[in-house]
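So the structure is just underneath, and the comments pick up after that.
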Amino acid sequence: MSANSQKDYYKTLGVPKTATAAEIKKSYRDLARKWHPDANKGSAEAEERFKNITEAYNVLSDEKQRKEYDDARSMFGGGGFRVPGGTRPGSGGFGTTFDLGDLFGGSAGDSGLGDVLGGIFRRGGGTQTRARRGADVETETALSFGDAIDGVTVSLRLTGEGPCKVCSGTGAKPPSMPKVCPDCHGTGQQARNLGGFGLSEPCKTCKGRGMVVDDPCTECHGSGRAMSSRTVQARIPPGVADGQRIRIPDRGAPGESGGKPGDLYVRVKVKPHPVFGRSGSELTVTIPVTITELALGADIKVPTHHGPAVTIHIPPGTPNGRVFRVPGKGVRRKDGAAGALLVTVEVAVPQDLNKKARSALEDLRAATAGADPREDMLRRAAQE
Ligand SMILES: [Zn+2]
Ligand SMILES: [Zn+2]
């Protein structure tokens with residue numbers, strides 16, 4: 001805890017002892033921008049400098065702490081001073097009028113200061129920040145039959161973990177900010193003397209993070225992370241099938257420390273159509289026909305999914321259940337060609353016969369009485 005005693009916070013911030021609050025703030029701003037970890041990727045020196053100037057600013061920007069510091073220095077000639085009030089709630093911080101967006105101009109917003117401080121937090125003492133690719137995200141969307149065939153752009157609402165919006169990921173209740181841990185001075189490590197062995201162990205005060213929060217953010221309880229939702233526009237290509245999984249690159253969770261975002265996977269559910277079915281690039285439809293249309297032949301109208309109905313010719317003596325193929329009326333494929341519409345004819349047996357129809361059918365029965373349609377089948381069954 002005595003390391004602070006040798007520190008000259010004025011020198012660290014490059015200001016005279018007589019500097020005004022505005023001068024201190026301006027100098028801190030310039031230095032913080034210069035030594036900001038984002039601008040000095042991987043530099044341990046920059047990280048150390050950033051922590052030192054933040055520590056100095058934490059003290060000098062607080063009128064009460066600055067006075068205590070000045071008093072201690074005048075008394076001990078620069079020695080013996082400790083950061084006062086390190087665990088006092090509400091102390092320190094960057095002050096209420098501090099403009100974060102201004103300080104890190106250009107990087108404000110979701111990926112701004114919060115991520116940087118969050119990065120320092122997660123990093124722990126001494127380890128380097130590594131760019132981390134965002135997680136892949138999986139979601140589901142329900143499409144109409146037609147949209148699945150034609151392709152559509154859908155709005156997907158994604159929920160995931162990200163920096164807490166209230167504290168920008170710092171974990172500190174705004175407008176306060178995390179402070180360099182007074183016990184380990186940001187290293188996250190503490191030396192411990194155990195029977196003659198010098199051991200280094202994670203700092204208990206900051207749990208190895210190197211920084212502490214006096215006043216935790218009420219939204220995330222100091223974790224700096226929160227569930228948030230965002231809306232993503234996703235283009236679903238034409239011709240997707242029910243249950244298909246579509247990969248949309250770079251639309252997953254955002255990366256950390258400059259890492260690439262993850263991918264988004266969309267599982268498609270296709271709602272059934274009341275008339276048409278689908279098998280790959282072919283559409284299917286079952287058409288009711290009368291017994292006489294099959295027996296005598298007919299031209300019948302068949303609906304298509306896109307455009308007007310088409311007429312198909314049924315030759316005399318067509319068996320029930322026969323499939324007719326109408327080319328080009330199915331699903332458009334990637335190569336631009338369209339599959340076929342498969343039309344199955346199915347006899348609709350009349351339920352309510354008028355007198356004339358009944359009499360005509362009885363005449364038919366009489367006229368065909370000699371032929372037993374099962375005769376051949378019965379004979380073959382008996383042979384085995
Ligand atoms: Zn928060
Ligand atoms: Zn610590």
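The values are calculated or read from the model by the stated rules, or taken from the named source; none is laboratory data. Because the structure is predicted, anything quoted here is derived from the model rather than measured. Reconstructed Cβ throughout: ideal geometry from the backbone, glycine too, with neighbour counts over all protein chains shown. Heavy atoms of the whole protein, side chains included, go into the accessibility calculation; ligands, DNA and RNA do not. Shrake-Rupley method; radii C 1.70, N 1.55, O 1.52, S 1.80 Å.
The table below gives the values:
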{"quantity": "Given (1) surrounded by 14 or more Cβ atoms within 10 Å (Cβ to Cβ); (2) out of contact with any Cys (no Cβ under 6 Å at 6 or more places or on another chain); (3) more than 30 Å from PRO272 (Cα to Cα), index of the condition ARG251 fails", "calculated": "(3)"}
{"quantity": "PRO308 being closer than 20 Å to ILE287 by Cβ, open to solvent by 70 Å² or more (accessible area, probe 1.4 Å), assigned to a loop (DSSP other than H, G, I, E, B) and modelled with pLDDT of 95 or more", "calculated": "no"}
{"quantity": "Restricting segment 350-378 to residues that are open to solvent by 100 Å² or more (accessible area, probe 1.4 Å) and within 60 Å of the chain's Cα centre (by Cα), the residue that is farthest from LEU283 (Cα to Cα)", "calculated": "ASP352"}
{"quantity": "Per-region count, segment 311-352, residues under 20 Å from PHE276 (Cβ atoms), not β-branched (Val, Ile, Thr) and not in a loop (DSSP other than H, G, I, E, B)", "calculated": "7"}
{"quantity": "Whichever residue in segment 205-234 is surrounded by 12 or more Cβ atoms within 10 Å (Cβ to Cβ) and away from ligand 1 (no atom under 16 Å from the Cβ) and, among such residues, is farthest from GLU138 (Cα to Cα)", "calculated": "THR205"}
{"quantity": "Single unsatisfied condition, THR12 versus (1) modelled with pLDDT of 80 or more; (2) hydroxyl-bearing (Ser, Thr, Tyr); (3) within 39 Å of the chain's Cα centre (by Cα)", "calculated": "(3)"}
{"quantity": "Residues located in segment 4-40, provided they are aliphatic (A, V, I, L, M) and in contact with a helix residue (DSSP H, G or I) (Cβ under 9 Å, 6 or more places away or on another chain)", "calculated": "LEU13, VAL15, ALA19, ALA21, ILE24, LEU31, ALA32, ALA39"}
{"quantity": "Some residue of segment 248-255 being within 30 Å of GLU55 (Cβ to Cβ), outside any strand (DSSP E or B) and small (Gly, Ala, Ser)", "calculated": "yes"}
{"quantity": "Unique match (being open to solvent by less than 10 Å² (accessible area, probe 1.4 Å) and away from ligand 1 (no atom under 16 Å from the Cβ)) among GLY134, GLY171, GLY146", "calculated": "GLY134"}
{"quantity": "Within segment 280-299, tally of residues that are part of a strand (DSSP E or B), open to solvent by less than 70 Å² (accessible area, probe 1.4 Å) and touching a residue at least 24 places away in the same chain (Cβ under 8 Å)", "calculated": "6"}
